[in-house]
Amino acid sequence: MSPHTSAPEVRRPRSLRTLLPKGPVATKFDGSARLTTHRFYDEKGPRTIDLDPGSAAIVGRVRLGAIVAALAFVVLVIAAPWVLVLPFVLGQKKIREPVRDWITRWLDGVERRS
């Protein structure tokens, strides 16, 4: 390589935090928060919604439940490897779309109230 050529650009792998949807970010001391949705679970996403304290608490509990479910899934896969089939079954459009629609309707109601 000559001294005038630049080194090839090295791409760093994206961290897992940038791939996963973010939770609500507290914006005030009263418990309200701001949530930026993700297309994975919100048909109208990405959009930013201001959450009242009650809705922010619900989103926080759902996020905690998802983390616990993911950890339980990992333990279950170690105990019974055939469970790896479940994500493929649950990822089918007939199962995934109604859940996504329900979440979008709930987020629409939260957005209207704020």
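The values are calculated or read from the model by the stated rules, or taken from the named source; none is laboratory data. Given the structure is predicted, the values throughout are model-derived calculations rather than measurements. Neighbour counts are summed over all protein chains in view; Cβ atoms, including those assigned to glycine, are modelled from backbone coordinates with ideal geometry.
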Enumerate the pairs (first residue in the stretch 61-79 and surrounded by 10 or more Cβ atoms within 10 Å (Cβ to Cβ); second residue anywhere and part of a helix (DSSP H, G or I)) with beta-carbon separation below 7 Å, excluding pairs fewer than 6 apart on the same chain, so at least 6 apart or on different chains. L76/V83; V77/V83; V77/L84
Note: among I78, I103, I95, just one is modelled with pLDDT of 90 or more, part of a helix (DSSP H, G or I) and closer than 27 Å to S55 by Cα, namely I103
Answer yes if at least one residue in the stretch 40-48 is modelled with pLDDT under 90 and out of contact with any Ser or Thr (no Cβ under 6 Å at 6 or more places or on another chain), and no otherwise. yes
Residues in the stretch 18-30: is at least one modelled with pLDDT under 85, part of a helix (DSSP H, G or I) and loosely packed, with under 11 Cβ neighbours inside 10 Å? yes
Of (1) surrounded by 14 or more Cβ atoms within 10 Å (Cβ to Cβ); (2) hydrophobic (A, V, I, L, M, F, W, C); (3) without any contact (Cβ under 8 Å) to a residue 40 or more places away in the chain, L51 fails just (3)
Looking at (1) surrounded by 14 or more Cβ atoms within 10 Å (Cβ to Cβ); (2) more than 15 Å from the chain's Cα centre (by Cα); (3) modelled with pLDDT of 90 or more; (4) of a type outside the set (S, T, N, Q), find the lone condition where V110 falls short. (3)
Name the one entry in L90, L86 that is over 27 Å from T48 (Cβ atoms), surrounded by 11 or more Cβ atoms within 10 Å (Cβ to Cβ), at pLDDT below 95 and within 21 Å of the chain's Cα centre (by Cα). L86
